[in-house]
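Trainee: Here's a structure for you.
Read-outs throughout are calculated quantities, based only on the coordinates presented, and are distinct from any laboratory measurement. Everything quoted here is computed from the prediction, not taken from an experiment. Cβ atoms come from the backbone with ideal geometry, glycine included; neighbour counts cover every protein chain shown.
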Number of protein chains: 2
Amino acid sequence: MKIDPDHPSGLSAQIADAIRDAIVSGRLIVDERLPSEAELAEQFDVSRPTVREALKRLAAQSLIRTQRGATGGAFVNRLSYQDAYPQAITTATLLLSMNDVAFETACEARFALERACAPLAVERRTPDQLATMRAEIFRQGQPGLTDEAFCASDVAFHRALVDAAGNPVLSYALAGAVEAMQPLMNMITFTARSRERIGALHTALADAVEAGDAPGALAELDAIETYTKELARAVLDARAQARQER
Amino acid sequence: MKIDPDHPSGLSAQIADAIRDAIVSGRLIVDERLPSEAELAEQFDVSRPTVREALKRLAAQSLIRTQRGATGGAFVNRLSYQDAYPQAITTATLLLSMNDVAFETACEARFALERACAPLAVERRTPDQLATMRAEIFRQGQPGLTDEAFCASDVAFHRALVDAAGNPVLSYALAGAVEAMQPLMNMITFTARSRERIGALHTALADAVEAGDAPGALAELDAIETYTKELARAVLDARAQARQER
DNA sequence: AGACTTTTAAATGTCTGACAAATGAAAATC
DNA sequence: GATTTTCATTTGTCAGACATTTAAAAGTCT
């Protein structure tokens with residue numbers, strides 16, 4: 001492992017890259033212990049703080065975990081979906097908010113992905129997953145629910161649909177998109193009328209899933225997408241008009 | 001901003017979390033300059049190396065960038081798709097390789113996502129994107145192409161299809177899944193016969209996209225998925241048999 | 001006065017050395 | 001033999017220092 005002291009990216013970044021490569025390529029396997037910080041400092045011919053900065057970079061990506069004590073050290077982490085979700089959601093949230101992605105673009109992507117899951121969900125959904133969907137629909141019908149809670153329940157409902165497809169890779173790919181959209185969705189779901197309509201649409205979707213009716217489920221997803229976009233357009237138009245009058 | 005010195009996660013992790021929260025919630029906006037390391041150290045009542053470890057964690061997620069010099073410092077980074085792609089791919093690759101995801105599961109997810117893109121791609125594809133698809137098909141037909149190059153071209157072809165949907169959110173969601181599968185795909189695409197067949201399937205898919213035939217494109221994607229799974233099954237069966245005879 | 005050069009201050013990048021705290025293993029004791 | 005104590009190892013943190021980069025300020029020359 002060689003490090004170029006004059007490389008503009010910095011020593012700690014190079015060391016982090018070298019170790020990350022070793023992990024991704026399989027030269028370092030799960031639960032293997034890395035050399036101690038002092039040993040790494042000697043190997044790369046840098047100081048311990050520099051090594052530590054590199055290790056913290058890897059820890060930020062959940063690639064390693066550290067343990068103090070006699071038999072402690074840095075260990076290659078088995079990257080779990082649990083570890084990866086929050087990172088993916090943070091990244092997706094910032095990508096949407098910082099790049100001025102149009103609501104319609106995010107919405108289109110979300111429902112396109114959900115339609116990809118729907119046929120599988122219809123085929124494989126467990127009674128438990130169906131019960132979760134029904135429970136969230138019930139929650140959404142409760143009066144006095146805050147807008148944030150309603151949206152959280154909406155996300156939970158759609159996540160149950162996605163998870164019903166029984167494919168963790170799909171669930172992971174969708175999690176970022178759906179969760180990252182929640183702030184945007186929050187802005188547009190605030191009228192009592194839309195809650196009733198959304199509840200009816202959700203019920204129809206759950207019915208189709210329960211009945212094993214794939215085309216029906218797809219049609220309901222289309223209806224939900226159309227309605228969501230309609231709401232968004234109305235909200236944005238109203239906002240534009242308010243701006244103009246001001 | 002409060003920091004608990006006795007929290008088991010460590011000081012630098014807490015500081016990183018605090019700053020990350022500020023970025024995600026919008027209290028720190030893009031291109032805003034963070035206080036200098038010395039100032040942060042004083043604010044959080046920790047030493048400069050500890051602050052630096054926290055900043056390196058954020059830099060590892062591309063949330064900040066640092067600049068040396070008089071007007072330098074740490075700045076909130078505008079997270080771009082370019083920055084986010086490699087991270088997502090690393091994460092997805094490790095998730096697949098470390099968690100023993102079945103090839104069929106990854107394959108199913110990939111084609112489900114591509115089917116989600118197909119109708120949009122048929123509608124919106126530019127002549128340029130169609131030309132890219134044709135060019136990759138041509139490349140795949142060249143004799144003497146290494147397996148790795150063939151697979152890379154295969155990925156490029158499918159990426160062109162996804163990009164043709166004209167939705168960056170979709171492209172991003174798919175990039176991880178498709179790229180992360182490449183090592184697995186490499187294992188199963190090594191027979192000359194499969195290349196011919198794959199070329200024919202790709203051509204049919206490109207034709208459907210060009211003709212604006214959405215159902216046709218979906219059907220071709222189904223055919224490619226079925227064939228890919230067939231190949232994988234054959235390879236895995238042969239390998240199992242070889243293991244038994246040994 | 002204006003353009004060019006030099007100086008300077010601020011900031012990150014890195015190093016050295018040190019101590020604290022946790023932790024498991026070995027040694028000592030009952 | 002079981003329990004307690006000691007101890008070595010390793011990460012976590014701190015303090016202070018110097019190197020390097022960079023842009024602005026000061027100075028200088030035409």
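Trainee: Need one value for A:75-88: mean number of C-beta atoms belonging to other chains within 10 Å of its residues' C-beta atoms.
Mentor: 3
Trainee: Taking a point 7 Å out from Cα toward Cβ as the label site, list the nm distances between A:MET187 and the same residue in every other copy, smallest first.
Mentor: A:MET187 label point versus its equivalents elsewhere: 4.5 nm.
Trainee: So, one more: Based on the mean of other Cβ atoms within 10 Å per residue, sort peptides B:203-214, A:10-21 so the most packed one is first.
Mentor: For the peptides B:203-214, A:10-21, the packing ranking is A:10-21, B:203-214.
Trainee: Quote the Stokes-Einstein diffusion coefficient, in whole µm² s⁻¹, for segment A:11-76, based on the Kirkwood radius over alpha carbon pairs, a temperature of 37 °C and a viscosity of 0.692 mPa s. Could the numbers behind the result be given before it?
Mentor: Numbers: Rh = 11.7 Å.
D, rounded to a whole number, is 281 µm²/s.
Trainee: Quick one: which of A:116-124, B:22-30 comes out on top by average Cβ neighbours within 10 Å, and what's the full order, highest first?
Mentor: A:116-124, B:22-30
Trainee: How much length would be gained if the chain were fully extended between A:SER80 and A:ARG239, taking 0.36 nm per residue of separation minus their Cα-Cα distance, in nm to one decimal?
Mentor: Once the chain is fully extended between A:SER80 and A:ARG239, it gains 53.0 nm.
Trainee: Still on this model: For A:LYS56, give me every one of the lysines with a C-alpha distance below 28 angstrom, ignoring sequence neighbours fewer than eight places off in its own chain.
Mentor: Within the straight-line cut-off, A:LYS56 pairs with A:LYS2, B:LYS2, B:LYS56.
Trainee: For segment A:63-88 and segment B:30-61, what is the separation of their Cα centres, given in Å?
Mentor: Taking the Cα centre of each part, segment A:63-88 and segment B:30-61 sit 22 Å apart.
Trainee: Within 12 Å, Cβ to Cβ, of A:ALA219, how many net charges do the neighbouring residues add up to if Lys/Arg are +1 and Asp/Glu are -1?
Mentor: On the way: positive: A:ARG115; negative: A:ASP207, A:ASP213, A:GLU220, A:ASP222, A:GLU225.
That works out to -4.
Trainee: Restrict the search to segment B:5-73; then list the GluC sites (Glu not before Pro) that DSSP places in a loop and that have at most 13 other Cβ atoms within 10 Å of their Cβ.
Mentor: B:GLU32
Trainee: Hey, how much of the P(r) for the protein assembly as shown falls beyond 37 Å, as a percent of Cα pairs?
Mentor: 37
Trainee: Just counting partner chain Cβ atoms within 10 Å, what average do the residues of peptide B:43-53 show around their Cβ?
Mentor: Whole-number average of other-chain Cβ neighbours for B:43-53 is 2.
Trainee: Considering only the label points, 7 Å along Cα→Cβ from Cα, what distances in nm to one decimal separate A:TYR85 from the same position in each other copy, shortest first?
Mentor: 2.8
Trainee: Quick check: net charge around B:GLY69, other residues with Cβ under 15 Å of its Cβ, Lys/Arg +1 and Asp/Glu -1?
Mentor: +2
Trainee: Relative contact order of segment A:32-167, please, whole-number percent, based on alpha carbon pairs below 8 angstrom and at least 6 residues apart.
Mentor: Across segment A:32-167, relative contact order equals 20 percent.
Trainee: Then there is this: Within 10 Å of each Cβ in peptide B:112-120, how many partner chain Cβ atoms are there on average? Round it to a whole number, please.
Mentor: Mean partner shielding for this stretch: 5.
Trainee: Explain nothing, just the number: dipole magnitude of the protein assembly as shown about its Cα centre with +1 on each Lys and Arg Cβ and -1 on each Asp and Glu Cβ, in debye rounded to the nearest 20. Please report the intermediate quantities before stating the final value.
Mentor: On the way: 52 positive and 68 negative charges, 139 e Å.
Roughly 660 debye for the protein assembly as shown.
Trainee: With each run of n ≥ 4 DSSP H residues scored as -39500 (n - 2.57), what mean residue ellipticity at 222 nm is computed for chain A after dividing by its residue count and rounding to the nearest 500 deg cm²/dmol?
Mentor: Details: 10 runs with 181 residues, N = 246.
After summing the helix terms and dividing by residue count, I get -25000 deg cm²/dmol.
Trainee: What ratio of Cα Rg to 2.2 N^0.38 Å holds for segment B:129-229?
Mentor: 1.02
Trainee: At each listed q (0.09, 0.11, 0.12, 0.17 Å⁻¹), what is the log10 of I(q)/I(0) that the Debye formula gives for chain A modelled as equal alpha-carbon point scatterers?
Mentor: Result of the Debye calculation: -0.56, -0.73, -0.80, -1.15.
Trainee: Can you tell me which of A:133-140, B:227-234, A:2-9 comes out highest on packing, and rank the rest after it, using the mean Cβ neighbours within 10 Å?
Mentor: Averaged packing, sorted descending, gives the order A:133-140, B:227-234, A:2-9.
Trainee: Placing the label point 7 Å from Cα along the Cα-to-Cβ direction, what are the distances from A:PRO49 to the equivalent spots in the other copies, shortest first, in nm to one decimal?
Mentor: 0.7
Trainee: Nothing charged except the Cβ atoms of Lys and Arg (+1) and of Asp and Glu (-1): what's the magnitude of the dipole of chain A about its Cα centre? Round to the nearest 20 debye. If you can, show how the numbers build up before the last one.
Mentor: Numbers: 26 positive and 34 negative charges, 89 e Å.
Result for chain A is approximately 420 debye, rounded to the nearest 20.
Trainee: May I pose another question? With an 8 Å cut-off on Cα pairs and a minimum separation of 6 or more residues, tell me the relative contact order of chain A in percent. The partial results should precede the final answer.
Mentor: On the way: 249 pairs, mean separation 44.7, N = 246.
The normalised contact order for chain A reaches 18 percent.
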